[in-house]
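K.L.:
Sending over a structure as structure tokens; questions will come in a sec.
Only the coordinates and a few stated rules stand behind these numbers; no lab work does. This one's a predicted model, so the numbers in the text were calculated from it and none came from an experiment. A quick note on method: Cβ atoms are made from the backbone with ideal geometry, for glycine too, and the neighbour counts reach across all protein chains shown.
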Amino acid sequence: MAKITLDNLAHSYLPNPTSEDQFALKQLDHDWVDGEAYALLGSSGCGKSTLLNIISGLLHPSQGRILFDGRDVTHAPTAQRNIAQVFQFPVVYDTMTVRDNLAFPLRNRGADATYVANRVQQIAQMIGMEDMLNRKARGLTADAKQKISLGRGMVREDVNALLFDEPLTVIDPHMKWELRTQLKSLHQQFGHTMIYVTHDQTEALTFADKVVVMYDGRVVQMGTPQELFERPEHTFVGYFIGSPGMNVLDATVKGDRAVIGGTEIALGKAFGTPSGKIELGVRPEFTRLSADEGLPAKIKRVEDVGRHKIVRTDVFGTEVNVILAEGEGISPAANRVAFAPEGVNVYADSWRIKAEGEAA
Amino acid sequence: MNKTVNQKAWFLVLPVLVLVAFSAVIPLMTVVNYSVQDTFGNNVFFWAGLEWFEEMLSSDRMWDALGRQIAFSAIILAIEIPLGIFVALNMPKSGFWASFCLVLMSLPLLIPWNVVGTIWQIFGRVDIGLLGYTLDAIGINYNYTQDFYAAWATVIVMDVWHWTSLVALLAYAGLQSIPDAYYQAAKIDQASRWKVFRYIELPKMMGVLMIAILLRFMDSFMIYTEPFVVTGGGPGNSTTFLSIDLVKMALGQFDLGPAAAFSIMYYLVILLISWVFYTVMTNLDKRDGV
Amino acid sequence: MTDTAQAPGAASLPGRATEAPAVARRKLPIKGSVVVMTLYLVFLLLPIYWLLNMSLKTNTEILNSFTLWPRDLTFANYATILTDPAWYSGYINSLIYVSINVVITLVVALPAAYAFSRYHFMGDKHLFFWLLTNRMAPPAVFALPFFQLYSSVNLFDTHIAVALAHCLFNVPLAVWILEGFMRGVPKEIDETAYIDGYSFPRFFVKIFMPLIASGIGVAAFFAFMFSWVELLLSRTLTSVDAKPIAATMTRTVGAAGIDWGVLAAAGVLTIVPGALVIYFVRNYIAKGFALGRV
């Protein structure tokens, strides 16, 4: 178990990057706390896997350092870092039994035979595969194989961190849920530092203590699921997290007033006079239909997704989604959308700006 | 893939059936026909029963040829399979040099077999061949037309030269199909180079290696042209393998009866061994769920 | 996995994403592998070089001095071959029967492979195995019966006879290779095409064949290869009109001994078609040799 420090870290796949665009991973400075579960969330190409590979030592960064508990491991080979990794595809040694698979990392490090036997038994119990120990790994289902990879990762007691690279991609939907729950409980039980790469927000939000949202090689926000939901630091976070994502509208803001398409609305908080490209971000959960206040809107369609309804409307050419609670009807007179002031965020050039008086 | 039952599919295989029946069944019937008859010339044949089979089975000639054949196939398999794997492991993984190696390695495979023989016949000659001249110059007595060991060494090195690339190419294709994640996992698990080979690369290559072994076994068991050009089966009969012996008997001496009996038994041996390989391979296929 | 190296969306495709190229290639002992490959390639090329070397020398130089490269460079040996119809017709004959063989092989093997890959029918497994056994048939066993068979139907010494004889081992191999490739094409594609109103022949030519184009290429390559390199049957079944180049090479043995220079030149020329074919398929060689079974 270790604290992971990223110090001035950046990476480019080109040997001599000249512009910032050529960096797959732009400069990062972060401390990742020992024993926490982190999820790296972002769409394809955002650099999350690059970052993971740098941590595991499969890639060496172009600049900066990476430290485990203050020890510089930037150029240490993978084996010396004492990390474990579970890959997108179940990597198991087909010709070995489940037992030998689990014992493999220990035996390679020359562990004592009785210790190996006990430890393997323990792990098998943890991942619920005690009755399969003597089977060959070949021919097992994808989720069983993925459990073995997970077990192989946890079998060493001294691992600094457990890394997961989209580990549930090839798992059947109903098994996904079970494996994720199992992971979560293993984390609570044993307190490994875990880093979990995914592009699936549900996985990230349910698994992690802290979600690290990446966009275009940058960490745009790192926070608890709730923080990401309520205070997206970047319009990308708002848009990427949530279903549907945050509504973003071009606006001009002056003090506690915003003007959108010529209609003025109250923000409830003062923001001064921000410059740059100003946008309002409001989650559909904080948006409601109204007959007499807010912005003029045209209802395009209504989608019933079970627990609630999503109303898709058009506001000055921008799509604005509204979530209606179950049983809530749509009044025929409703031709406007209104925002709850506590759910309104203001963005300048895509980054969130704080309201006057908001704690730093 | 779950297939549907459809008897009309027979129409699709009919052309193959007709063609192969024409070029396999009719000639085989001829062979069987000869194998149970005797002749005193003038195309007059009479029934000889299993006489020829008995004669061939009790003659040393066929057993000796079979022994040489088995020794030859065993030796070249024992060299070519490990060497092919070794070469495959050392090949560049991608880019220009990978294509470069692939092209050059494939070259011997597309040279007509008698030219392969000619190349080695020339290469090994003491007067005009680089190999023979060099060996002679450093004082090794090397003459593949006179000396038993030299003849065998030449024929074996020639086969290794000719066919190792096939094994290497197959093994290489197997290696290429291993996802990077396996190597990364092995690093994390601190597996040694040997263990990576033993537990990752070898299992993933098994399927293609079985093809390589099957092809190399069959083709080496049927080898004719290359050793015939180089040694003509000599010195003595020391490199007279089954096919060479058979052609000598059938086309050289026109001993049709014995040659036919010989042919049938020869074919049956190959079928038997190949059937074993085939069974093993399809079982592997099933196990992998390919 | 490198996100940056991929097109957007590619990461979600199972089977693709982990194969990204740029992540820390496994570090083999680079130097060692270069040494191994160099040695192996030298071993492969040296005998071929020697043949080439000899083909560019005069017989006097070949026999009277031992030289590592031609001191007295001459193309006379090649000129001899390329101007004498008795020589070059051998190449033409070989190319004719090889081409006929490749065409016949593909035409009959394609529908059969389709049947084996898609349907169960009476005796399918036995038939498939029986076909494969023909690939295992020693040409020596068939040499004499073929001679008699083709003589009796007046096909002796024709290109078609050699082409048909080579089908004996090329057709089963082609069926096997194509079946492997066809198994990889999901059956839903066939069904969709039928629903869209395609007839079987039209579906097969327009939709299915393009999908297994690489498999057809591999099968054609192997048919070419085995037909081109085979000598025993082609020599037995021809005398003058369809005599292959490989058999023509025995002409170099004359009263005055062997004409080494011409023999070597003829040998070099037989390597050329193979080398050309390899060059054209260089990017598919590794996959091709695995017969679609990796």
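K.L.:
First measure r as the distance between the Cβ atoms of B:LYS93 and A:ASN108, then evaluate 1/(1 + (r/R0)^6) with R0 = 35 Å and state the FRET efficiency to the nearest 0.05.
P.N.:
0.90
K.L.:
Further question: Would you mind calculating the relative contact order of chain A from Cα pairs under 8 angstrom and at least 6 residues apart, reporting the percent as a whole number?
P.N.:
It rounds to 16 percent for chain A.
K.L.:
Now for a separate question. What ratio of Cα Rg to 2.2 N^0.38 Å holds for the protein assembly as shown?
P.N.:
Ratio of Rg to 2.2 N^0.38 Å for the protein assembly as shown: 1.21.
K.L.:
How well do other chains shield peptide B:198-208, expressed as the mean number of their Cβ atoms within 10 Å of each residue Cβ?
P.N.:
Across B:198-208, the average partner-chain Cβ count within 10 Å equals 3.
K.L.:
Please list 3J(HN,Hα) in residue order for the range C:207-224, calculated via the Karplus relation 6.51 cos²θ - 1.76 cosθ + 1.60 where θ = phi - 60°; whole Hz, with x for glycine and proline.
P.N.:
10, 6, 4, x, 5, 10, 3, 5, x, 5, x, 4, 4, 5, 4, 5, 4, 4
K.L.:
Also, quick follow-up: B:TRP63 to B:ASP127: FRET efficiency via 1/(1 + (r/R0)^6), r the Cβ-Cβ distance, R0 22 Å, to the nearest 0.05?
P.N.:
According to the calculation, E is roughly 0.05.
K.L.:
Set Lys and Arg Cβ to +1 and Asp and Glu Cβ to -1, take the dipole of the range A:1-150 about its Cα centre, and tell me which of A:VAL73, A:LEU52, A:ASN134 lies farthest positive.
P.N.:
Of the options given, the answer is A:ASN134.
K.L.:
Also, quick follow-up: Within 10 Å of each Cβ in B:172-178, how many Cβ atoms from other chains are there, averaged over the peptide?
P.N.:
5
K.L.:
If you filter the range A:111-192 for trypsin sites (Lys or Arg not before Pro), then keep DSSP loop positions with at most 14 other Cβ within 10 Å, what is left?
P.N.:
A:ARG135
K.L.:
Follow-up. Among the lysines, which fall within straight-line cross-link reach of A:LYS298, defined as a Cα-Cα distance under 28 Å, with same-chain neighbours fewer than 8 residues apart omitted?
P.N.:
Straight-distance partners of A:LYS298: A:LYS254, A:LYS269, A:LYS277, A:LYS309.
K.L.:
A further question on this structure: When we measure straight from the Cα of C:LYS187, which aspartates and glutamates land under 17 angstrom away, once same-chain ones fewer than 8 places off are left out?
P.N.:
Candidates past the 8-residue exclusion: C:GLU179, C:ASP196.
K.L.:
Could you compute the FRET efficiency for A:THR318 and A:HIS30, with r as their C-beta to C-beta distance and R0 at 45 Å, rounded to 0.05?
P.N.:
FRET efficiency, A:THR318 to A:HIS30: 0.85.
K.L.:
Something else: Can you put B:TRP120, C:TRP130 in order of Cβ neighbours within 10 angstrom, beginning with the fewest?
P.N.:
Going from sparsest to densest Cβ surroundings: C:TRP130, B:TRP120.
K.L.:
Among residues other than C:PHE208 whose Cβ falls under 15 Å from its Cβ, what is the net charge (Lys/Arg +1, Asp/Glu -1)?
P.N.:
Result for the local shell: 0.
K.L.:
May I pose another question? Based on the Kirkwood radius over alpha-carbon pairs, what is the Stokes-Einstein translational diffusion coefficient of the range C:157-265 at 10 °C with 1.306 mPa s viscosity, in µm²/s?
P.N.:
Stokes-Einstein gives a translational diffusion coefficient of 93 µm²/s.
K.L.:
For the range B:181-259, with the dipole built from +1 on Lys and Arg beta-carbon atoms and -1 on Asp and Glu ones, taken about the Cα centre, which of B:VAL196, B:LEU209, B:ALA186 lies farthest toward the positive end?
P.N.:
Positive-end residue among those listed: B:ALA186.
K.L.:
In chain B, which whole DSSP H runs stretch at least 24 Å along their own axis (Cα) and average -1.0 or higher on the Kyte-Doolittle scale?
P.N.:
B:60-90, B:148-176, B:202-221, B:256-288
K.L.:
Taking the Cα centre of the protein assembly as shown as origin, work out the dipole magnitude from +1 charges on Lys and Arg Cβ and -1 charges on Asp and Glu Cβ, in debye rounded to 20.
P.N.:
200
K.L.:
With only alpha-carbon atoms in the gyration tensor, what are the semi-axes of the equivalent ellipsoid for the range A:4-235, in Å, largest first?
P.N.:
Over the Cα atoms of the range A:4-235, the ellipsoid semi-axes are 31, 20, 16 Å.
K.L.:
Rounded to the nearest 20 Debye, what is the dipole magnitude of the range C:78-289 about its Cα centre when Lys and Arg each give +1 and Asp and Glu each give -1 at the C-beta?
P.N.:
Dipole size: approximately 260 debye.
K.L.:
Relative to the first principal axis of the alpha-carbon coordinates of chain A, what is the inclination of helix A:113-126, with its axis defined by its Cα atoms, in degrees from 0 to 90 and to the nearest 10?
P.N.:
Its long axis makes an angle of about 30 degrees.
K.L.:
Counting pairs of alpha carbon atoms under 8 Å apart in space and at least six apart in sequence, what relative contact order in percent does the range A:243-352 give?
P.N.:
31
K.L.:
Next question. Which residues does a label at B:ILE75 reach in the range B:239-255, if reach means a backbone N under 18 Å from a point 7 Å past the Cα toward the Cβ?
P.N.:
The answer is B:239-245.
K.L.:
Also, quick follow-up: What average count of beta carbons from other chains do you get within 10 Å of the Cβ of residues in B:22-34?
P.N.:
Counting other chains' Cβ atoms within 10 Å and averaging over B:22-34 gives 6.
K.L.:
Then there's this: Give, in whole angstrom and from largest to smallest, the semi-axes √(5λ) of the equivalent ellipsoid of the range B:61-288, with λ running over the eigenvalues of the Cα gyration tensor.
P.N.:
Gyration-tensor ellipsoid for the range B:61-288: 36, 24, 14 Å.
K.L.:
With the cut-off at 29 Å, tell me which of the pairs A:LYS48/A:LYS145; A:LYS48/A:LYS300; A:LYS145/B:LYS195; A:LYS176/C:LYS206 have Cα atoms farther apart than that.
P.N.:
Those over the limit are A:LYS48/A:LYS300; A:LYS176/C:LYS206.
K.L.:
Which order do peptides C:134-142, A:73-81 fall in by mean Cβ count within 10 Å, highest first?
P.N.:
C:134-142, A:73-81
K.L.:
Then there's this: Taking B:LYS248 as the anchor, which lysines have their alpha carbon closer than 25 Å to its alpha carbon, excluding any fewer than eight residues away along the same chain?
P.N.:
Here the lysines satisfying the reach criterion relative to B:LYS248 are C:LYS243.
K.L.:
Say the dipole of the protein assembly as shown comes from +1 at the beta carbon of Lys and Arg and -1 at that of Asp and Glu; which of C:TYR91, C:LEU52, C:THR250 then lies farthest toward its positive end?
P.N.:
Looking along the dipole axis, the top candidate is C:LEU52.
K.L.:
Using only the alpha-carbon atoms, how far is helix A:98-108 inclined from the longest principal axis of chain A? Give it as 0 to 90 degrees, nearest 10.
P.N.:
Relative to chain A, helix A:98-108 is tipped by roughly 80 degrees.
K.L.:
Mind telling me which of A:GLU36, A:GLU157, A:GLU326 comes out most flexible in a GNM of chain A, alpha-carbon contacts under 10 Å?
P.N.:
Evaluated over chain A, the most mobile residue of the options is A:GLU326.
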